[in-house]
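The values are calculated or read from the model by the stated rules, or taken from the named source; none is laboratory data. Computed from a predicted structure; not experimentally measured. Note: ideal-geometry Cβ built from the backbone for every residue, glycine included; neighbour counts use all protein chains shown. To get the accessible areas, we keep the full protein, side chains included, count just its heavy atoms, and leave off ligands, DNA and RNA. Shrake-Rupley method; radii C 1.70, N 1.55, O 1.52, S 1.80 Å.
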Amino acid sequence: MDDKAVAKLIAQEEKRQRNGLELIPSENYVSRGVLDALGSVFTNKYSEGYPGRRYYGGQINTDQIEQLAIDRAKALFKADHANVQPHSGAPANEAVYHAWLEPGETIMGMELSHGGHLTHGRPGTISAKLFNFVRYGIKDIETGELDYNVMQELALKTKPKIILAGFSSYPRELDYGKFQTIADEVGAVLMADMAHIAGLIAGGVLANPFDYGFHVITTTTHKTLRGPRGAMILSKGRVGNPLKEVEKTVENLPTLIDRTVFPGLQGGPHMHSIAAKAVAFYEASQPSFHEYCLQVLANAKALSEALMKSGFKLITNGTDNHMMVADIQTSFGFDGQVAEKTLDRIGLTLNKNVIPDDPLPPYRPSGVRLGTPALTTRGLREEHMILIAQWMQQALMSKDDEAKLDKLSKEVKQFASSFPLPSDL
Ligand code: DSN
């Protein structure tokens, strides 16, 4: 690369990733194949439209690569249709809302501090300005069980047109069957935002919402799915011509969604990213990916137990998926931002996060969120989780002791750099 400034920053970032341990549950390391597709000549091409129905010439290869990504996504998740064009998770969710709702109509989603995501109606977002969000939450903070009775009462009262199951900081499995019963009662479309757990569903270790009558699933492709930064929308129903208007029926959701993504919300698809999604979907269909997902869960269980033994109060006292939320304020007497900075200092990267009904503000919340997908990709196993919990405890207990933090930082670096990045292979 001629640009020395950018080359230097890329090299520095690779070093940072190699020498540290990545605990942010929404991050992962992609394979050399995904990186190669992302850096391919598909980035040069405009392809507005869909395979076989484009507004530009020269689509012989783009049509094939997008169709391959679609077919692989459908097979992985048992969907009737996949739209692989959304540039990221937020526009994917936005597209589904606009495909099915008129402004002012109601969506029922998870309380944000209980685990719901910003795109599930945080005040100030475009969706919250256009649509009416009502919320369900956790009934028992010690187990994480949702309050399905309150959810049912609220649904009967507010008649949401979409019931949204999904989260970005909730460590337990949802009872999709209960969502289905409530949605049937009020005639709502059932949507799952499975951005965090898509890989674990594809890998067959967590339940698939499509097995419980869900109509639509949105997901990013770069978290547990280990693909490029991007998203997709999976749906059930009849696949029609996306260039023609169709009646607003549940059966027509695939076409309504296609038309909302393009030309409704986006212009040209990012074909290099779609090529990389196709590679990631292929990788996720391999037996080794199932093994990876089993190990993600085993590592999460081991890390949650080791953390609790080391004095960390975990929200819901454990995890069913890859993710944990720790109440740092209760455990150590300072907030999640201080913990994030202290752990960053020794090469452990995670993010500050609100806890349910957090008395502190989102910028300096009480908790941190962490998970095992990236660690597992690096090759770490249960026994290493005990080391990580010990490093975390020691760093937080000695947060003002520079010499101790230096020592821990060296230990983490020496340990981490002995595990290759998958793109080395
Ligand atoms: N920012 C992502 C996460 O970390 O959960 C979701 O948008």
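Quick look at the values:
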| quantity | calculated |
| --- | --- |
| Stokes-Einstein D for the stretch 140-223, Kirkwood Rh over Cα pairs, 4 °C, 1.567 mPa s (µm²/s) | 97 |
| Coil-residue GluC sites (Glu not before Pro) of the stretch 147-223, DSSP, other Cβ within 10 Å capped at 15 | E173 |
| Given 16 as the ceiling on other Cβ atoms within 10 Å, longest exposed-site-free region of the chain for chymotrypsin sites (Phe, Trp or Tyr not before Pro) in DSSP loops | 57-333 |
| GNM flexibility winner over the chain from R381, R32, R229 (Cα, springs under 10 Å) | R32 |
| Contact order normalised by residue count of the stretch 336-425, Cα under 8 Å, 6+ apart, percent | 30 |
| The stretch 14-169 shape via C-alpha gyration tensor axes, a/c threshold 1.5 | oblate |
| Charged-residue dipole, Cβ positions (Lys, Arg, Asp, Glu), the chain about Cα centre, Debye nearest 20 | 740 |
| Normalised per residue, the volume of the convex hull around the Cα set of the chain (Å³) | 141 |
| Of all accessible heavy-atom area on the chain, the percent that carbon and sulfur account for (1.4 Å) | 53 |
| Entries of K74/K352; K313/K341; K178/K277; K161/K277; K223/K410 with Cα pairs more than 24 Å apart | K74/K352; K178/K277; K161/K277; K223/K410 |
| Dipole of the chain, positive direction: furthest Cα of L396, V368, G39, with charges on the beta-carbon | G39 |
| Unit Cα scatterers, Debye sum, the stretch 40-131: log10 I(q)/I(0) for q = 0.23 Å⁻¹ | -1.12 |
| 9 Å beta-carbon shell around S47, net charge (K/R +1, D/E -1) | -1 |
| Cα-based reach from K407 at 20 Å (exclusive), listing aspartates and glutamates while leaving out same-chain residues under 8 positions away | E22, E340, D344 |
| Shape box of the stretch 372-416 [Cα atoms, principal axes, largest first, Å] | 32, 18, 15 |
| Sparsely packed trypsin sites (Lys or Arg not before Pro) within the stretch 231-326, loop by DSSP, other Cβ within 10 Å at most 11 | K244 |
| The stretch 122-187: C-alpha gyration tensor shape, a/c 1.5 cut-off, then a/b vs b/c | oblate |
| Percent of beta bridges antiparallel (DSSP, the chain, rounded to nearest 5) | 55 |
| The stretch 214-319: GluC sites (Glu not before Pro) in DSSP loop, at most 16 other beta carbons within 10 Å | E245, E247 |
| Dipole-positive endmost among Y97, P269, T219 within the chain (Cβ charges, Cα centre) | P269 |
| Solvent-accessible heavy-atom area per residue, rounded to whole Å², over the chain at 1.4 Å | 42 |
